[in-house]
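Working notes, beginning with the structure itself.
The values are calculated or read from the model by the stated rules, or taken from the named source; none is laboratory data. The structure displayed is predicted, hence computed values, not measured ones. Cβ atoms come from the backbone with ideal geometry, glycine included; neighbour counts cover every protein chain shown.
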There are 2 protein chains.
Amino acid sequence: MEKYCFGIDVGGTTVKCGLFETDGTLLDKWEIPTRTEEGGSQILPDIGKTIRAKMEEKGISAGDVAGVGVGVPGPVRGNKLPYAVNLHWGAMDIGEVLGTITGLRIKAGNDANVAALGEMWKGGAEGRDNVIVVTLGTGVGGGIIVDGHIVEGAHGAGGEIGHAHVEDNIHDACGCGNCGCLEQVASATGIVRLAKEELVNKDSSEATELKAEEIDARIVFDAYKNGDSVAERVVNRFAKYLGTTLAAYSCVVDPEVIVLGGGVSKAGDPLVEIVEKYYKDAAFPACKETPIVLAKLGNDAGIYGAARLVLG
Amino acid sequence: MEKYCFGIDVGGTTVKCGLFETDGTLLDKWEIPTRTEEGGSQILPDIGKTIRAKMEEKGISAGDVAGVGVGVPGPVRGNKLPYAVNLHWGAMDIGEVLGTITGLRIKAGNDANVAALGEMWKGGAEGRDNVIVVTLGTGVGGGIIVDGHIVEGAHGAGGEIGHAHVEDNIHDACGCGNCGCLEQVASATGIVRLAKEELVNKDSSEATELKAEEIDARIVFDAYKNGDSVAERVVNRFAKYLGTTLAAYSCVVDPEVIVLGGGVSKAGDPLVEIVEKYYKDAAFPACKETPIVLAKLGNDAGIYGAARLVLG
């Protein structure tokens, strides 16, 4: 009986590793550095070594391990990916390479999608099978889960939530090359953009806590909670972009729950409430009551999701 | 060996029926009236009778039949639906009722979603597993297919493509109760709305084929093909709404192909070209080359998709 599995979350600087029981109990977690030199050729061997060392340490035999799930920053489709810029990888067959090294079953996925699966399994959407997870960090990422499975997409672009076009009046390019993406107005940096605009446009007599030279998403939300009128306009604009876009996604995949994660989600309940307001305005009637909740797993979402991925 | 299956498409006035071989060959199709009187209580028994009669006529035994797929106008989830207004139904367990009557395996789905599955199986998206189908008719409907399966959604609202909020400056309500839905600007009636606006706002010296009192989507597209400048503005506005929304959906589900169907799609290649132009502007880079094609099955999409549904 396979009692254990590994969840591996490969980032540009560290690889997060988790040893789980197959019921989702996290037994141990640790990190190793991501060695991106030599085209990242040591990354998968390093992962193989740390897994074998952990199995030896815990007295776990290969027959006890259901497999190794791996989240990587790139467009994965069926265990392979064409490139992963942050890892200095070109085309890579993770299943083949890591499977040969470890002798274990391997399942790979895109890191944002895998983190979404983690939130479905043991986080904000625990017990649900149909979920949209949005990660509001430096960018806007996420993952779509339908009937318990990640929507990978034909080009590995499933769940690229941040790249809906939402604004015609932005003329500088998003990281993706387009102009006017959700990510440009609803990420931590997008909130700073909106705040700077509001500060430039505000009436000179209007008092505000916000200062153009010292601003981030946390400062904006703190001012919003204090009733600052400029911050209120910023947060309402942000929430309208995000809530309306989530409503559009909702009438396509009709999830049981929408989860908000990433650094911006530390703003907590006031964030959920204002996004929910604009979501409800725009949502299809059958989906208006779909709950919007906060993510729970923080930086561990990736290892949980990777472990869940290999359990099928 | 099960050689046959039935595909049934239940509409408000007629029930379309198809007898198929399990490889998708349509052997026979016919219609019966939809008897909506008495709360629509005769609809499923009528379907049972016509199936039995057809089996008798063709000398087909129950053991030769893989099952009966049924598309109905309502929010189906797992063979059941809470209501179907056009059929005068309240809550209905189609699998239970029709299964008892026929003794055959039953699988039900929402009619728009089922039609999308038909286009995937034997229509514009034949050979693909990940598809967005948009039906541009009186309304805007559609279906999302991920890895060969319909996305039903938690409330049976999967694929409700027409109800993305796309316009803040519409203050009359869509059929769904919200204001500013895609359906209000991208359906046949939405195109008429845009044309009337452009006729009101145009400079009096600008010549146009379009007349406010005599206008429909076909007339607008005919004028567009003739180079009429007012029709050009209408079609470009329509295509921008639709193409941008499809691009947003594309970065969520990342399909292999997008299929345009419904009455408006009779405009043909010029429709595809202009929608593709705005789609490409807004699409995530990995999805920019996703083909947009015309639906092929017309009114038969429903029976094809219903038959495919029961094959699993």
| remark: Inside the range B:163-185, the number of residues satisfying the requirement of being touching a residue at least 60 places away in the same chain (Cβ under 8 Å) and of a type outside the set (Val, Ile, Thr) is 3
| So, of the residues in the range B:252-289 that are crowded, with 24+ Cβ neighbours inside 10 Å, facing chain A (nearest Cβ under 9 Å) and under 21 Å from the mean Cα position of the chain (by Cα), which turns out to be modelled with the lowest pLDDT? | B:VAL252
| query | Which of the residues that make up the range A:225-266 are touching a helix residue (DSSP H, G or I) at 6+ places or on another chain (Cβ under 8 Å) and of a type in the set (Asp, Glu)? | reply | A:GLU232, A:ASP254
| message | Any residue at all in the range A:38-45 that's over 24 Å from A:ALA301 (Cβ atoms), away from chain B (no Cβ under 14 Å) and not in a helix (DSSP H, G or I)? | response | yes
| request: Return a yes/no flag: does the range B:232-246 have any residue that is surrounded by fewer than 24 Cβ atoms within 10 Å (Cβ to Cβ) and on the phi > 0 side of the Ramachandran plot. | output: no
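Listed residues A:ILE51, A:ILE47, A:ILE60; which is modelled with pLDDT of 95 or more, closer than 30 Å to B:ASP254 by Cβ and in the same structural domain as A:ASN110 (by TED's automatic domain parsing)?
Every option except A:ILE47 fails the conditions.
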| task | Please enumerate the residues belonging to the range B:129-179 that are within 8 Å of another protein chain (Cβ to nearest Cβ), out of contact with any Leu (no Cβ under 6 Å at 6 or more places or on another chain), in a loop (DSSP other than H, G, I, E, B) and within 27 Å of B:LYS266 (Cα to Cα). | result | B:ASN130, B:VAL151, B:ALA157, B:GLY158, B:GLY159, B:GLU160, B:CYS176
| query | Within the range B:150-168, is even one residue charged (D, E, K, R), more than 25 Å from A:HIS165 (Cβ to Cβ) and in contact with a helix residue (DSSP H, G or I) (Cβ under 6 Å, 6 or more places away or on another chain)? | reply | no
| request: Kindly establish whether A:LEU27 is at pLDDT 95 or above, aliphatic (A, V, I, L, M) and over 24 Å from the mean Cα position of the chain (by Cα). | output: no
